[in-house]
Amino acid sequence: MAIAEKLCLPNASGLHMASIGSAANKFRSVLAEKELDHLERMLRLSQAHGEVAHLNGTYWTARLTYVMEHFDLVAEQSRRVRALLSAFERASASLAESKEAEITGRQSSMRSHAA
């Protein structure tokens with residue numbers, strides 16, 4: 001199988017992911033390090049500066065799922081992936097709560113000004 005057939009590239013309609021079954025067909029674990037380092041860096045940046053609209057929790061979850069399914073991860077890398085999934089999930093939930101509180105606050109402010 002050619003490398004191009006194994007790659008996952010984001011597109012306008014989501015992610016196109018080729019299915020890779022056995023560990024023999026997966027990328028070596030050493031190659032996952034760059035992906036995991038990048039994802040950890042992006043999590044820190046999103047926590048410091050806020051989430052970018054098109055790089056939301058759904059996007060990062062898809063990226064992490066791709067790493068889990070397409071790389072032959074060692075135990076420590078699997079632990080990092082689980083930790084990142086959990087952190088992105090918490091960050092997305094927190095962002096959703098903040099947006100909801102902001103909307104609710106605006107609505108009550110508009111009602112009090114209208115009265």
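The values are calculated or read from the model by the stated rules, or taken from the named source; none is laboratory data. Since this is a predicted model, take the numbers as computed values, not measurements. In this analysis, Cβ positions are derived from the backbone assuming ideal geometry, glycine residues included, and neighbour counts consider all displayed protein chains.
Tell me, which residue of the range 66-95 that is at pLDDT below 90, among the small types (Gly, Ala, Ser) and surrounded by 12 or more Cβ atoms within 10 Å (Cβ to Cβ) is farthest from residue 31 (Cα to Cα)? Reasoning before the result, please.
The first filter runs over the range 66-95 and keeps only residues at pLDDT below 90, leaving 87-95.
When the remaining residues are screened for being among the small types (Gly, Ala, Ser), the result is 87, 91-94.
This time we only want the ones that are surrounded by 12 or more Cβ atoms within 10 Å (Cβ to Cβ), so: 87, 91-92, 94.
On the way: 87: 22, 91: 26, 92: 27, 94: 31 Å.
Checked the range 66-95; the qualifying residue farthest from residue 31 (Cα to Cα) is 94.
I want to confirm something. Restricting to the range 96-115 and keeping residues that are of a type in the set (A, V, I, L, M), in a helix (DSSP H, G or I) and loosely packed, with under 11 Cβ neighbours inside 10 Å, which single residue is modelled with the lowest pLDDT? Before the answer, list the steps.
We begin by selecting, within the range 96-115, every residue of a type in the set (A, V, I, L, M); these are 96, 101, 103, 110, 114-115.
Filter once more, keeping what is in a helix (DSSP H, G or I): 96, 101, 103, 110, 114.
Next, only the ones that are loosely packed, with under 11 Cβ neighbours inside 10 Å stay: 101, 103, 110, 114.
Details: 101: 78, 103: 80, 110: 66, 114: 63.
Among them, the one singled out is 114.
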